[in-house]
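After the structure tokens below, expect a handful of questions from me.
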Amino acid sequence: MALYSEKVMDHFRNPRNVGVIEDANGIGEVGNAKCGDIMKMYLKIEDGIVQDVKFETFGCGSAIASSSMATELIKGKPLSEVKTLTNKAVAEALDGLPDYKMHCSVLAEEAIQSALEDYQRRLQEDAKA
Ligand code: FES
């Protein structure tokens, strides 16, 4: 069996939603200290829905494929669904990752959660202003 599924290779070669959202209202950046990979997620949330999402990943192929798939999974989705996205769901949507590459999908989950926290923080600040 090939080490990587066709979906992993597809999302690695043609990653979806790469880039920056200038007026993002939720930005999360996470890294993995062991491998040194970094992932940044930009969310544009309106009316409780992820209207747009983009990412920048400086990392391995699995991290790029995981970010790409994660953005596809949350685009257009309500926050209640986005909050419960797990790295397992990302890996499953990619038809699996090798065990030693599962941490790459964890980075995608963490980047999204971090962007959601940033969104909540901004909401609270706006409420105070
Ligand atoms: Fe670290 Fe893939 S090797 S994110």
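The values are calculated or read from the model by the stated rules, or taken from the named source; none is laboratory data. Just so you know, these numbers come straight off a predicted model, no measurement behind them. We place every Cβ from the backbone using ideal geometry, glycine too, and count neighbours over all the protein chains shown. Only protein heavy atoms, including side chains, enter the accessible area calculation; ligands, DNA and RNA are left aside. Shrake-Rupley method; radii C 1.70, N 1.55, O 1.52, S 1.80 Å.
Report yes if some residue within the range 78-90 is more than 28 Å from Gln124 (Cα to Cα) and not in a helix (DSSP H, G or I); otherwise report no.
There is no residue in the range 78-90 that is more than 28 Å from Gln124 (Cα to Cα) and not in a helix (DSSP H, G or I).
Let me ask something else about it. Could you give me the residue pairs with C-beta distances under 8 Å whose first residue belongs to the range 103-116 and is over 14 Å from Val50 (Cα atoms) and open to solvent by less than 10 Å² (accessible area, probe 1.4 Å), whose second residue is within 12 Å of the ligand (Cβ to nearest atom) and among the charged types (D, E, K, R) wherever it lies, and which are 6+ apart or on separate chains?
Qualifying pairs under 8 Å: Cys104/Asp37; Leu107/Asp37.
So which residues in the range 28-68 are in a helix (DSSP H, G or I), open to solvent by 20 Å² or more (accessible area, probe 1.4 Å) and either more than 10 Å from the ligand (Cβ to nearest atom) or closer than 17 Å to Thr86 by Cα (or both), if there are any at all?
Matches in the range 28-68: Ile64 only.
Also, quick follow-up: If Ala2 meets every condition in (1) in a loop (DSSP other than H, G, I, E, B); (2) touching an Asp or Glu at 6+ places or on another chain (Cβ under 6 Å) apart from one, which number is that one?
(2)
Among (1) within 13 Å of the ligand (Cβ to nearest atom); (2) open to solvent by 50 Å² or more (accessible area, probe 1.4 Å), which single condition is Ser80 missing?
So Ser80 meets the others, but not (1).
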